[in-house]
Each structure stands twice: as C-alpha cells, then as structure tokens.
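Enquirer: Could you have a look at this structure, given as structure tokens, before my questions?
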Amino acid sequence: MSNDGNKKQFWKRNTAKVPGSIQHVYGAQHPPFDPLLHANLMKAGNKPQALTPGKPKKATTFQEFESITSDAWDVGDDDDELLATAAQNLNIEVVMETANKVIENHSKLQEQQQKQPEAGFEKDEEEEEQEEEEGEEPTPELTFSSEPRPFAESRMVKSLSEAHIESSKDGAAERSALQRQQSLPHRPLIPLVARMADQNTSGALVMTEREASRLDKFRQVLAGPNTDLDELRKLSWSGIPRQVRPITWKLLSGYLPANTERRESTLQRKRQEYFGFIQQYYDSRNDEHHQDTYRQIHIDIPRMSLECLILQPRLTEIFERILFIWAIRHPASGYVQGINDLVTPFFVVYVFEYIEEEVENFDVSSLQEEALRNIEADSFWCMSKLLDGIQDNYTFAQPGIQRKVRALEELVSRIDESVHRHMQQYEVEYLQFAFRWMNNLLMRELPLRCTIRLWDTYQAEPEGFSHFHLYVCAAFLVRWRKEILEEKDFQGLMILLQNLPTMHWGNEEVSVLLAEAYRLKFAFADAPNHYKR
C-alpha cells in the first residue's frame with residue numbers, strides 16, 4: 001500500500017484516541033487521576049501535554065502512528081525502569097496496609113454474601129408476617145423466596161437458585177438500584193380485586209357490613225317463588241354483588257322467568273335451542289354468501305377488549321360461534337363491527353358462576369365442557385336480548401347511532417354551552433368521537449370492570465341501553481370539561497376524546513357518573529323541548 005500522505009490510509013482514525021493511549025476510568029475501583037502521584041510512572045517521552053483549545057494533533061504518517069502506539073506492544077527495559085521507579089516513590093508500608101485492608105474487606109464481603117440468601121429469606125418471612133398483622137401494604141424489595149411474589153410493582157423476583165449463583169458485583173449493583181427505586185415515589189396500584197369485574201368489595205377482600213347487608217337483601221328477593229322484578233331493579237341500580245350478578249342479569253334481561261320453578265326447564269330448553277342453531281347454521285360459515293361475515297368476525301375477535309381473559313383458541317371459537325349465529329338469525333343488520341365487544345361483559349359475568357377465584361388471566365379451557373357450553377349459550381341469549389332493543393344502531397347506515405349523536409350534541413349545548421362552543425370553535429364534530437361511544441356502549445372508553453358496573457344500572461333502568469345511555473354519554477363528556485377547554489386545537493381535542501384517562505376508574509367514579517346521568521334524564525327526558533333551540 002502506498003504511503004502517500006494525500007491519500008486516505010486504512011490506519012487513520014477520526015478521533016485522537018488510538019490504541020496504546022491510556023484512558024483512566026473513574027469510580028470506586030479507579031480513583032481520580034492524580035498527576036503528582038503518577039508523574040514518575042510515565043515515560044519521559046509520553047508526558048501529558050497541556051490542554052489547549054485547539055484540535056488534538058492527529059497522526060498524519062504511518063511512522064508517527066507507529067511511534068505513538070509502540071508502547072502498547074514493546075516489552076523491554078522500560079518496564080523494569082517503571083517498576084523500579086514505582087518502588088522508590090511509593091511507601092511500602094502504605095502499600096502493604098492498603099493491600100491487607102482490601103483482602104480483609106473482600107473476605108468479609110464473601111462471608112456476608114454466603115449468609116445473605118438465608119438471612120434474606122428469614123427476614124422476608126418476618127416482614128411479611130408483621131405487615132399482614134399491621135394491615136399495611138408490603139414494601140417492594142428484592143426477595144430470595146422460591147415462590148415469587150405476584151403483582152409486586154410488576155418486577156421480576158429472583159429465585160433462590162438464581163440468588164446463589166449471582167456474582168458479588170452484580171448483587172451489589174442490583175441492591176443499589178433497588179434502593180434507588182424504593183426512594184422514588186410509588187406509582188399507585190389498583191388493588192387486585194379492583195382490577196376485576198367485581199367492584200362491590202371496594203378493593204377489600206373482606207366485605208363490609210353494608211355490602212353484606214346488600215347481598216342478604218338480594219338473596220331474599222331471589223329466594224321467593226316469584227321474584228319481584230321491580231324490587232330487584234331498585235336494588236340493582238346501585239350495583240349488584242358479584243355472587244348474585246349472573247342470576248340477576250339473566251332475570252333483568254328477560255332471559256329467565258320470574259317464577260323459580262320454570263327457570264331450570266327454561267335454561268335447558270334455551271341452551272338446547274342455541275346448540276341446535278350451531279348444528280344447523282355454523283357449517284355454512286365458509287359458504288360463498290356467508291364467508292365475508294365469518295371472515296370479518298374472525299378478524300375482529302382479537303381486537304376485543306377482554307382485559308382479564310386470555311384470548312385462547314377455545315375462547316376464540318366460542319365468540320366466533322356466538323357472533324356468527326346471531327348474524328345469521330338477524331339478516332336485517334347482519335354482523336357489524338362493535339357487536340363483538342358486547343359479548344365480553346356477559347361472558348365474564350357468567351364465568352363467575354362457575355369459579356370462586358378471580359377471573360384475571362383465567363384459563364377458560366380449565367372449565368368443564370358442560371360449564372363452557374352453558375356460559376356460551378347464556379351469553380348468546382342475553383346479548384340477543386340487549387341487541388333487540390338497539391338493533392337500529394346496526395342496520396344499514398346505522399340510523400339509531402346518528403339520532404343519538406345528534407341528541408347528544410343538542411343536550412350538551414344546553415347543559416354546558418362553553419364545552420359545546422369550544423368544540424364548534426375548533427371544528428370538532430360529535431360524530432367523530434361519539435359514534436364509538438354509541439356503537440360500543442362506552443366499552444372502549446372504560447375498563448371492563450367499570451363497564452360491568454355500568455351495565456348493572458342499564459339492566460335495572462327502563463330502556464337503559466337504548467335511552468339512558470344517551471345521558472350517561474352527556475355526563476361522561478362534561479366530566480372532562482376542564483381538560484377539553486385546555487386543548488386549543490383540533491388534533492389535541494381529538495386525541496383527548498379518543499384516549500380519555502379512565503384506566504384507574506372504579507366503582508366510585510362510575511357511581512358519580514350514573515348519578516349525574518340520572519339528574520340529566522330527570523331534567524330533560526320528559527321535556528325534550530328543553531334542549532331544542
């Protein structure tokens with residue numbers, strides 16, 4: 001290769017850092033560089049030059065490059081000279097004392113690490129017992145228990161076997177990182193029970209006296225030979241306890257009769273009828289005139305907002321059958337996107353009829369086949385009852401939704417003119433965000449636990465899904481009045497209205513929303529001219 005300086009050579013670098021130059025690393029093991037202490041350790045020809053504001057001198061020829069880096073490979077008399085110089089300038093007693101301390105500290109550290117797993121395990125058990133007695137939330141910390149602690153700040157916990165093989169350096173780094181995390185403010189966590197569909201326990205595993213009293217009232221009403229549906233609706237308006245929600249929903253939706261003796265025979269008949277539909281129609285899903293419907297259902301199911309259920313192949317098959325059979329039996333509307341979401345609350349509620357544990361991440365395939373068949377059939381019939389009241393939402397051009405969106409706009413213009421004018425100012429059409437509110441019954445705006453609580457009231461309210469939902473949407477929009485007025489452009493408003501921060505909502509927020517919706521209904525439902533200009 002040519003040594004011509006005008007040509008770019010392979011050994012040139014874009015930085016002054018070249019092999020052989022020493023770069024000091026500062027930290028616990030490498031204290032800051034002291035020129036006085038290290039002056040005699042450097043060769044005379046490689047003394048550090050004074051820093052200048054100009055650019056560092058770069059190697060321009062191979063000879064210069066070779067001379068700069070020669071100390072990285074040369075082994076000669078210079079090394080002996082360096083060692084001799086170091087021995088003369090350093091105090092031997094200080095060196096020996098420092099070396100002994102390092103060895104002693106290293107030995108102690110190894111002993112502590114050998115004892116730490118056992119001590120940490122015992123300490124964790126004592127702390128957990130103490131925290132359970134005091135009723136306090138455990139402080140997240142590194143545990144070495146063989147059983148990982150679930151839902152602890154969503155961090156992975158090392159097992160006992162992993163703790164033994166962890167090096168001392170990694171262990172110290174992890175402990176220091178954990179201490180930093182503990183010093184930061186904790187992100188508020190939703191209690192496990194509050195994340196579930198049931199919100200009647202207020203996040204506590206033990207029912208309060210009031211909740212137990214309400215449950216007793218429900219059981220008394222349901223125990224009679226003929227259930228008083230009016231009394232059941234009054235009790236259900238404020239929420240239904242999880243233990244009696246499945247039977248209550250079936251009664252309020254009209255799926256089951258009020259007479260106790262007729263219920264079992266009705267259930268058997270309706271379930272047999274549903275699976276008769278499957279035998280009759282489901283094989284036609286691949287026919288030319290049905291395959292588009294089935295294909296759209298198959299695409300939409302993974303998009304469903306299940307939250308607490310794992311979308312397994314068994315669950316996918318169940319939802320496909322429910323939606324396809326409903327579409328075949330309702331040719332006026334057929335299947336429309338959005339109907340798929342309406343299956344989920346019924347399915348989750350009816351799963352509670354067969355399990356005692358929470359439904360979060362529940363493996364549906366672990367249920368017995370008969371239980372799954374019953375849940376599937378009950379979900380189909382109750383969803384059908386719901387859609388019978390709002391089917392004009394899903395017929396051609398969806399006229400029901402368009403009427404409700406216009407009514408929502410008129411209602412908001414009367415109850416909060418500032419919000420209405422703000423939307424007009426930035427040219428936000430109600431149809432652009434409220435269409436989904438009507439089409440999915442707010443299921444994409446609220447967590448599933450809140451949707452189930454909302455549907456408790458919808459089931460109890462006359463025309464809850466078709467009429468009362470309008471006032472809930474109005475109250476829901478005005479609830480974000482402050483955030484809406486703070487947005488000063490179309491894009492900001494649309495992003496807000498399509499991503500409202502309700503992830504941490506629970507029973508209390510839904511109850512306030514329903515109370516405000518009832519107030520609006522009381523003021524405007526029987527006097528429609530009040531919100532017409």
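The values are calculated or read from the model by the stated rules, or taken from the named source; none is laboratory data. This one's a predicted model, so the numbers in the text were calculated from it and none came from an experiment. Because the Cβ atoms are built from the backbone with ideal geometry, glycine has one as well, and the counts that use them run over all protein chains shown. Ligands, DNA and RNA are stripped out before the accessible areas are found, and what is left, the full protein with its side chains, is counted by its heavy atoms. Shrake-Rupley method; radii C 1.70, N 1.55, O 1.52, S 1.80 Å.
Enquirer: Ignoring ligands, DNA and RNA, please state the percent of accessible area on segment 337-439 from carbon and sulfur, probe 1.4 Å.
Expert: Solvent-exposed carbon and sulfur of segment 337-439 make up 41 percent of the total.
Enquirer: Also, quick follow-up: Non-local amide H neighbours of Leu256 (under 5 Å, H modeled in plane, Pro and chain starts lacking H): which ones?
Expert: Excluding prolines and chain starts, which carry no amide H, the hits are Leu251.
Enquirer: Just subtract the alpha-carbon distance of Gln280 and Gln402 from 0.36 nm times their residue separation and send over the number in nm, one decimal.
Expert: On the way: separation 122, 0.36 × 122 = 43.92 nm, distance 3.52 nm.
Net length gain for the segment: 40.4 nm.
Enquirer: Considering only protein heavy atoms, what per residue accessible area in square angstrom results for segment 422-533 with a 1.4 angstrom probe?
Expert: Ligands and nucleic acids excluded, the result is 46 Å² per residue.
Enquirer: List, in order, the whole-Hz ³J(HN,Hα) value for each residue of segment 283-289 obtained from phi through the Karplus relation with A = 6.51, B = -1.76, C = 1.60 and θ = phi - 60°; use x for Gly and Pro.
Expert: Working through the residues one at a time gives 5, 8, 5, 9, 5, 4, 7 Hz.
Enquirer: Under the Karplus relation 6.51 cos²θ - 1.76 cosθ + 1.60, θ = phi - 60°, what is the ordered set of whole-Hz ³J(HN,Hα) values for segment 505-512, x standing for Gly and Pro?
Expert: For segment 505-512, the Karplus-derived couplings read 5, x, 4, 5, 5, 5, 4, 5 Hz, x marking Gly and Pro.
Enquirer: Another question about this same structure. How compact and how long is segment 208-251, expressed as Rg and Dmax of its alpha-carbon atoms in Å?
Expert: Both quantities, over Cα of segment 208-251: 9.7, 29 Å.
Enquirer: Apply the Karplus curve 6.51 cos²θ - 1.76 cosθ + 1.60, θ = phi - 60°, to the phi angles in segment 267-272 and return the couplings in whole Hz, x for Gly and Pro.
Expert: Whole-Hz 3J(HN,Hα) from phi for segment 267-272: 4, 4, 5, 5, 5, 5.
Enquirer: Could you check the simple spin-label distance between Asp292 and Thr395, using points 7 Å along Cα→Cβ, in nm with one decimal?
Expert: 2.0
Enquirer: Run the numbers for Ala332 and Glu273: contour at 0.36 nm per residue of separation, minus the present Cα-Cα distance, in nm.
Expert: On the way: separation 59, 0.36 × 59 = 21.24 nm, distance 2.14 nm.
Working it through step by step, the gained length comes to 19.1 nm.
Enquirer: List every residue whose amide H lies under 5 Å from the amide H of Phe362, counting only residues 5 or more places away in sequence or on a different chain, with H placed 1.01 Å from N in the peptide plane.
Expert: Amide H neighbours of Phe362: Ile310.
Enquirer: Then there's this: Is there a pair in Lys385/Lys482; Lys234/Lys270; Lys404/Lys482; Lys385/Lys488; Lys217/Lys482; Lys217/Lys385 whose C-alpha atoms are over 31 Å apart, and which pairs would that be?
Expert: Lys385/Lys482; Lys385/Lys488; Lys217/Lys482
Enquirer: Residues of segment 256-328: accessible area per residue at 1.4 Å, in Å²?
Expert: 54
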